Amino acid sequence: MTITALSHRPVGELLRQWREHRRLSQLDLAIQADISTRHLSFLETGRSKPSRDMVLHLAEELDLALRERNRLLLAAGFAPVYSESTLDAPRMEAVRGALRQILTGHEPYPAVVVDGRWNLVEANASLSLFTDLASPSVLAAPVNVLRASLHPDGLAPHIVNLGEWRGHLLGRLRRQIAITADAELEALHEELRSYPCDQPEPEVELPGPGDIVVPLRLRHESGELAFFSTIATFGTPLDITVAELAIESFFPADQKTAEILRSAASRSAGTAQWPGAGAAE
């Protein structure tokens with residue numbers, strides 16, 4: 001059973017489940033949180049009721065996401081402290097502006113904004129380099145970028161190193177699940193694993209000759225294109241939506257790819273909102 005499925009249970013039980021998920025003993029967490037093991041034991045068994053500050057303190061020591069901190073507070077009988085705003089809310093204007101600046105500034109290279117479950121929020125115009133290769137069926141709202149990448153009707157048939165890239169994406173998703181214990185991400189991982197792949201999928205990412213990152217190699221009408229990507233998040237977020245946003249920016253991994261992208265830049269400009277993307281205006 002996942003941590004998120006236990007959100008209706010007493011706060012002490014949730015604390016114990018998260019502690020065990022983090023592979024910490026009561027002694028480990030007590031030392032880390034600077035409280036007694038006896039007090040922690042009483043909190044976990046329900047013999048003592050934690051204060052609001054103690055819930056937040058333990059959540060910080062367990063490195064829980066803001067969404068999970070709110071769930072702990074609710075389970076303990078306190079009101080949530082972290083807001084969850086829609087991206088089009090007035091208070092999110094600065095965030096929308098930052099996203100627009102990053103996306104448009106990254107042209108002519110593709111860049112996307114995704115939420116915590118890899119659903120597309122926004123993208124720049126250069127993402128059409130990828131989306132034009134996918135069937136409209138996998139681009140129906142809501143668009144999940146991992147599904148669109150590995151689905152047989154998505155990018156998968158056009159990825160030269162599908163086994164390698166698939167192993168990279170699934171490994172990234174497993175690491176995220178290990179941190180969040182998110183049931184929806186676990187279901188997504190199982191779905192992605194069920195997709196066909198006619199290439200070996202490496203269990204460990206090892207560099208090929210001259211490689212310094214795992215490249216995405218795409219068959220394209222202009223020839224084989226190669227990319228690597230970076231992922232950025234907002235620092236010190238205090239809103240759940242902001243905390244769960246990530247910007248993935250793709251860069252050309254060779255000179256040929258860079259030249260093709262620059263030559264295509266004149267055919268598209270600005271920020272595009274793809275099917276299923278959230279508004280950022």
- Conditions (1) assigned by TED's automatic domain parsing to the domain that holds residue 249; (2) crowded, with 21+ Cβ neighbours inside 10 Å; number of the one not met by residue 105: (2)
- So which residues in segment 58-75 are in contact with a Lys or Arg (Cβ under 7 Å, 6 or more places away or on another chain) and part of a loop (DSSP other than H, G, I, E, B)? 62
- Message: Conditions first: (1) in contact (Cβ under 8 Å) with a residue 12 or more places away in the chain; (2) outside any loop (DSSP other than H, G, I, E, B); (3) more than 30 Å from residue 254 (Cβ to Cβ). Residue 100 passes all but one, so which condition is the exception?
- Response: (3)
- Task: For residues that are within 24 Å of residue 70 (Cβ to Cβ) and surrounded by fewer than 13 Cβ atoms within 10 Å (Cβ to Cβ), tally how many sit in segment 224-260.
- Result: 4
- Query: Pick from 64, 58, 43, 15: which is crowded, with 20+ Cβ neighbours inside 10 Å and within 22 Å of residue 175 (Cβ to Cβ)?
  - Reply: 64
- Query: List the pairs whose first member sits in segment 117-130 and is more than 14 Å from residue 262 (Cα to Cα), whose second member is small (Gly, Ala, Ser) and surrounded by 23 or more Cβ atoms within 10 Å (Cβ to Cβ), and whose Cβ atoms are under 6 Å apart, counting only residues at least 6 apart or on separate chains?
  - Reply: 124/111
- Can you run down the residue pairs with Cβ atoms below 8 Å, 6 or more apart or on separate chains, where the first is in segment 136-154 and more than 17 Å from residue 121 (Cα to Cα) and the partner is hydroxyl-bearing (Ser, Thr, Tyr) and outside any helix (DSSP H, G or I)? 150/195; 151/195; 152/195; 153/135; 154/135
- Regarding residue 184, is this residue under 21 Å from residue 248 (Cβ atoms) and either surrounded by fewer than 14 Cβ atoms within 10 Å (Cβ to Cβ) or modelled with pLDDT of 95 or more (or both)? yes
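The values are calculated or read from the model by the stated rules, or taken from the named source; none is laboratory data. These numbers come from a predicted model, not from an experiment. So basically every Cβ, Gly included, is an ideal-geometry build from the backbone, and we count neighbours across all protein chains shown.
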